[in-house]
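Input: a single structure, listed below in structure tokens.
The values are calculated or read from the model by the stated rules, or taken from the named source; none is laboratory data. If you're wondering where the values come from, they're calculated on a predicted model, not measured in any experiment. Note that we place each Cβ from the backbone using ideal geometry, even for glycine, and neighbour counts take in every protein chain shown. Accessible surface is based on the protein model in full, side chains and every heavy atom, while ligands, DNA and RNA are left aside. Shrake-Rupley method; radii C 1.70, N 1.55, O 1.52, S 1.80 Å.
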Amino acid sequence: MKFIADKEINLNEVDSLQTKKYVKTLKNIIENSDSKYTIGLFGEWGTGKSSIVKTVQEELEIEKPKDIKFIVYDAWKYSGDSFRRMFIKTLSD
């Protein structure tokens, strides 16, 4: 029996769900927008959201843009804690 690991992947290496196109679009928006903003990705479990985020983050970190800060908040990890407290702690870290 073969199992699939429940973790994000770099879509530059494997793109089984063909979601790399979302990485390109998201990266283009981040790099070319004149205003500051917050981006949220929404979708069902297993649709590749975490892999999209991981791939965009890795690509942006390689290019080292000076004015882009990348913060990932894992809502599942802190589901038993106060959202506000853990979100602010994540930002400060």
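Brief remarks on what is shown
- The residues of segment 32-62 that are modelled with pLDDT of 85 or more and of a type in the set (D, E), listed by number, are E44, E58, E59.
- Applying the condition of being open to solvent by less than 70 Å² (accessible area, probe 1.4 Å) and without any contact (Cβ under 8 Å) to a residue 24 or more places away in the chain to segment 42-55 and asking which residue is nearest to the chain's Cα centre (by Cα) yields K49.
- E58 surrounded by 10 or more Cβ atoms within 10 Å (Cβ to Cβ) and assigned to a loop (DSSP other than H, G, I, E, B): no
- Pairs where the first residue, in segment 11-25, is touching a residue at least 24 places away in the same chain (Cβ under 8 Å) and the second is surrounded by fewer than 11 Cβ atoms within 10 Å (Cβ to Cβ), C-beta under 9 Å, 6+ apart: L17/G46
- Candidates G80, G48, G40: the one that is under 25 Å from A5 (Cβ atoms) and in contact with a Ser or Thr (Cβ under 8 Å, 6 or more places away or on another chain) is G48.
- Residues in segment 1-30 that are open to solvent by less than 100 Å² (accessible area, probe 1.4 Å) and modelled with pLDDT of 85 or more: K20, V23, T25, L26, K27, N28, I29, I30.
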